[in-house]
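Chemist: I'd like to ask you about the structure that follows.
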Amino acid sequence: MMEAPSVVSGRPAATTTPLLTLQGLTKTFGGLTAVDAVSFVVEEGSVMGLIGPNGAGKTTVFNLITGNYRPDRGRIEFAGTSLTGLRTHRIISLGIARTFQNIRLFQRLTVLENVLAGCHYRMRGGILAALLRLPSQRREENDAMGRALKELEFVGLRQQALTLAKNLAYGDQRRLEIARALATRPRLLVLDEPAGGMNEQETEALIGLIARIRERGITILLIEHDMRLVMRACEELVVLENGGKIAEGAPEQVRRDPKVIEAYLGTEDEA
Amino acid sequence: MKHGKLFAVVLAAALLATAPLFLNAYQVDVLNSIGLYGLLALGLNLILGEAGLFNMGHAAFYAVGAYTAAILNTRYQIPILWTLPLSGLVAGVFALVVARPVVHLRGDYLLIVTIGVGEIVRIALVNDLFGMTGGANGIFGISRPNLFGIVIRRPQEFFYLIWGCVALTIFLFLRLKQSRFGRALNYLREDEVAAEGSGINTAYYKLAAFGLGAAWAGMAGTLFAAKMTIISPESFNFWESVVLFMIVILGGAGNIVGVLLAAFLVIGLPELFREFASARMLVFGLVMVVMMVFRPQGLLPAGGGRFLPATLVRGRG
C-alpha cells in the first residue's frame, strides 16, 4: 500500500493527522446531483489528487471547500474547525488557499499587485492609516511587498513583478496564481488543474514546484487531468465519477482498480 | 517621459492657481463648477472607477449632503463650513444604509437600483420630506462661508475654497490608492471571486467604497450649498448622476488625473461653445460616441504599476 512511486519523499509513517475532513458532502443544482455523499480525508503534509472524468464534480468539491457553494448535506472540517456556513474570505484566513481552473487573475494589475492580494488579510491598515500614512502602515506595506517578492522569487516570476498580469504567458499566469495563493501563507493549498494548458516543459517545472511547496510543509490537494503529473506528484488519489467517490488510495493501486479503468483511465487520451 | 508628465501636472496646477488673476468672474465661475464636479467625480471614482461598482445615483448623496448643510445652517445657524464633516457623515451613512441590501447585485442590476435611489431622493425632497426640505422651491438664505474671518462671496474667493478642497482630495486619494484599502477596491473591480478567494472581505470593501465616495459627495454638497446660497431638488436630478458617471468613464475609470481632465471637458466644453446654443449638446453627444468607439478605456486609463520601490527597479535594470 505504501509503495507509491512519487517524486516527493515518503510521508512520515503513523504520525499522520487529518488536516481536512469531508464527510458525506452533497450538493445538488436543480435536479442534478453534482456531488453525492463524498467523504475523504487529506492528511497533513501530503499531496492528494482528486481525479475523475469531466463533469465528475471535482471543481464543485473545491468550491464547497472554499465556501463558494454551500453544501446541501455533509460537513467539512479544517484543522478541527467546521467550515460550513463560513464565507470564502474567512475560510482563506483559516489557512486554505486556492487557484482556479480558468485562471482568475487581476488582469489589469501588475504581477506584484496580484500577489499583494494574498498578503491582504494578514495586514491591518485601513482607510485612516492610509490617509495619514502612519509609520506602522508604511512598515506593513514594506513587509507585504517583501513577502510578495519572495513568493514571486519562489515561483520564478521575480523579473516580471511590474508586468501587467494579462501580458504574462499562459504558464506564467498559472504560476502567478500559485504565488498569490502562497502569499496567504496557507496550511492547505488547493490547486484546480494547475497544469491545464501547459506544455510538457512547463508541466515538468510545475511538478518540481509542487515538490518544493510541499517541502515548505504545505499540504496540497489538486485536481488534474494530466496523468503523468498525478502519478508523479500525488501520493494519494480520490476518484470521482458522476459526483460519487468510486476509488481511493495510492496512485498505483488506483490505476489498477477496474472501476477506475472503466470510468476514467479508459478514456485517458481525451484529457 | 516621467519628467514630462510631472512638468505637465505642475504647469497645469500653476496655471490653475493663478487663473483668477487673468479670468473674468464668469470664467472663474465655470472653473468653480468644474472643481465641484471634479470633487464629486473623484468620490464617484472610488465607487465606479476603483471598485467597479456601477453607481448612477451619485447625485442622491450630493443632495443629502447639500440639504444636511442647508438645514443645519438655516434652522440652527451653524456656520456652513462647520457642517462639512457632518454632511459628509450623513451622506456616507445614508449610502451605507441604502447600499447594504443591494450591493451584492452585479453591474447593470446595481446600476438600475442606484438610478432608483437617485429618483427616490429627488422626489422625497420635492415632497418636502419631514417638512424640512422646502419642497420644489428648496431652501433659501444659506449663509456665506466664513473662513478665518474672511467672508467668501466672490467667485474668485470660492475658486480657492473649492480648488483647495480638490487639491486636498487628490492628495488624500493618491495615498488611498497606494494602500491596502485602495488595492482591495481594485481587486474587487478586476475579479470579485478571485478577490474573495484571496482572503478579501468583498462585501465590506463594496460598502466602504460606497460610504467613502458618498461622504465626499456629501461634502461637495456643502460647498455647493454655500456657493449657491439656495438649493432645490432640480440641482440633483438624474442628469447630474449621468454626467458624473460619464466623467469617470470618459476620464479613465480609476485614474485621478484622467477624471479631472474629463471634468474639464464635460463641464467646460459646453460653456466654451455657448454661442452654438442647442447645437453644442449635439456636438457634445457626438464626441461621447466617437470617444467610446475609439477609446473605450477612457482618456487616461488606470494602469497597474503604481508600486515602484527602488529595490525592484534596480532588480529589473
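The values are calculated or read from the model by the stated rules, or taken from the named source; none is laboratory data. This structure is a prediction, so every number in the text was calculated from the model and none was measured. Backbone-built Cβ (ideal geometry, glycine too); neighbour counts: all protein chains shown. Heads up: the accessible areas ignore ligands, DNA and RNA and are worked out on the full protein's heavy atoms, side chains in. Shrake-Rupley method; radii C 1.70, N 1.55, O 1.52, S 1.80 Å.
Chemist: For region B:128-203, which chymotrypsin sites (Phe, Trp or Tyr not before Pro) pass both filters: DSSP loop (anything but H, G, I, E, B) and at most 10 other C-beta atoms within 10 Å?
Modeler: Of the chymotrypsin sites (Phe, Trp or Tyr not before Pro), the ones in loops of region B:128-203 whose Cβ has at most 10 other Cβ atoms within 10 Å are B:Phe148.
Chemist: While we're looking at this one, here's another question. Using a 1.4 Å probe and counting only protein heavy atoms, how much accessible surface gets buried when A and B come together, both sides summed, in Å² to the nearest 100?
Modeler: 3600 Å²
Chemist: Measure nothing but the geometry: give the 0 to 90° angle between the long axis through the Cα atoms of A:200-215 and the longest principal axis through the Cα atoms of chain A, rounded to 10°.
Modeler: So the inclination is approximately 80 degrees.
Chemist: Using the Cα centre of the protein assembly as shown as the reference point, and only Cβ charges (+1 on K/R, -1 on D/E), how large is the resulting charge dipole? Debye, rounded to the nearest 20.
Modeler: So the magnitude is around 2020 debye.
Chemist: Starting from 0 in steps of 20 Å, tell me what percent of the Cα-Cα pairs of chain B lands in each bin.
Modeler: Percent of Cα pairs in each bin: 32, 59, 10, 0.
Chemist: Report the local net charge at B:Tyr204: Lys and Arg +1, Asp and Glu -1, summed over other residues whose C-beta lies under 12 Å from its C-beta.
Modeler: Every neighbour counted, the sum reads +3.
Chemist: Assuming R0 = 51 Å, what is the FRET efficiency of B:Phe276 and B:Ala203, from their Cβ-Cβ distance, to the nearest 0.05?
Modeler: Given R0 = 51 Å and the Cβ-Cβ separation, E is 0.60.
Chemist: Label B:Phe148 and B:Ala167 with points 7 Å out from Cα along Cα→Cβ: what is the distance between them in nm?
Modeler: Distance between the two pseudo-spin positions: 1.2 nm.
Chemist: If we restrict to alpha carbons, what Rg and Dmax does region B:106-204 come to, in Å?
Modeler: Looking at region B:106-204, its Cα Rg and Dmax stand at 20.5, 54 Å.
Chemist: Sticking with this one: Using the Karplus equation 6.51 cos²θ - 1.76 cosθ + 1.60 (θ = phi - 60°), what ³J(HN,Hα) coupling, rounded to whole Hz, does each residue of region A:142-149 give in order, writing x for Gly and Pro?
Modeler: These are the phi-based 3J(HN,Hα) values: 4, 4, 4, 4, x, 5, 5, 5 Hz.
Chemist: Let me ask another. Using label points projected 7 Å from each Cα along Cα→Cβ, tell me how many nm separate B:Tyr160 and A:Asn199, to one decimal.
Modeler: Inter-label distance under the simple model: 6.6 nm.
Chemist: Still on this structure, please answer the following. Do you know the relative contact order of chain A, to the nearest whole percent, from alpha carbon pairs under 8 angstrom that are 6+ apart?
Modeler: Averaging sequence separation for qualifying contacts and normalising by length gives 28 percent for chain A.
Chemist: Give me the one-decimal Kirkwood hydrodynamic radius in Å for chain A, with the sum taken over alpha-carbon pairs.
Modeler: 19.4 Å
Chemist: Just need the Rg to Rh number for region A:108-184, please, alpha carbons only, Kirkwood Rh.
Modeler: Answer for region A:108-184: 1.02.
Chemist: Give me the percent of DSSP beta bridges within the protein assembly as shown that run antiparallel, rounded to the nearest 5.
Modeler: Bridges in the protein assembly as shown that DSSP calls antiparallel: roughly 60 percent.
Chemist: Convert 20 °C to kelvin, take the viscosity as 1.002 mPa s, use the Kirkwood radius over C-alpha pairs of region B:1-111 as Rh, and evaluate the Stokes-Einstein diffusion coefficient in µm²/s, rounded to a whole number.
Modeler: 127 µm²/s
Chemist: Taking the simple approach of a point 7 Å from Cα along Cα-to-Cβ for both B:Ala13 and A:Arg87, what is their distance in nm?
Modeler: The answer from the label model is 3.8 nm.
Chemist: Right, here's the next one. Compute the signed sum of charges (Lys and Arg +1, Asp and Glu -1) over the other residues within less than 15 Å, Cβ to Cβ, of B:Arg154.
Modeler: Around B:Arg154, the charge tally is +1.
Chemist: Any idea of the accessible area per residue across the protein assembly as shown, 1.4 Å probe, to the nearest Å²?
Modeler: 44 Å²
Chemist: Related question: Given a 1.4 Å probe and heavy atoms of the protein chains only, how would you sort B:Ser33, B:Ser87, largest accessible area at the top?
Modeler: B:Ser33, B:Ser87
Chemist: What's the local net charge at A:Ser136, with K and R +1, D and E -1, over the other residues with C-beta under 13 Å away?
Modeler: So the surrounding residues net to +2.
Chemist: Another question, then. Which whole-number percent is the relative contact order of chain B (Cα, under 8 Å, 6+ apart)?
Modeler: About 31 percent, as a whole number.
Chemist: May I pose another question? As a test of the formula, what do you get for the protein assembly as shown when each DSSP H run with n ≥ 4 contributes -39,500 (n - 2.57) and the sum is divided by the residue count, at 222 nm and rounded to the nearest 500 deg cm²/dmol?
Modeler: Helix-only estimate at 222 nm: -16500 deg cm²/dmol.
Chemist: Scan chain B and note any complete DSSP helix (H) whose C-alpha atoms cover at least 18 Å along its axis and whose Kyte-Doolittle average is 0.0 or more.
Modeler: Qualifying helices, which must be both long enough and hydrophobic enough, are B:2-17, B:25-44, B:58-76, B:83-99, B:107-126, B:155-177, B:202-228, B:238-251, B:279-294.
Chemist: Counting only protein heavy atoms and a 1.4 Å probe, tell me what percentage of the protein assembly as shown's accessible area is made up of carbon and sulfur.
Modeler: 61 percent
Chemist: Considering only protein heavy atoms, with the full assembly of protein chains and a 1.4 angstrom probe, order B:Ser179, B:Ser278 by accessible area, largest first.
Modeler: B:Ser278, B:Ser179
Chemist: Starting from the Kirkwood radius over alpha-carbon pairs of the protein assembly as shown, derive D by Stokes-Einstein at 4 °C in a medium of 1.567 mPa s and give it in µm² s⁻¹.
Modeler: Stokes-Einstein gives a translational diffusion coefficient of 49 µm²/s.
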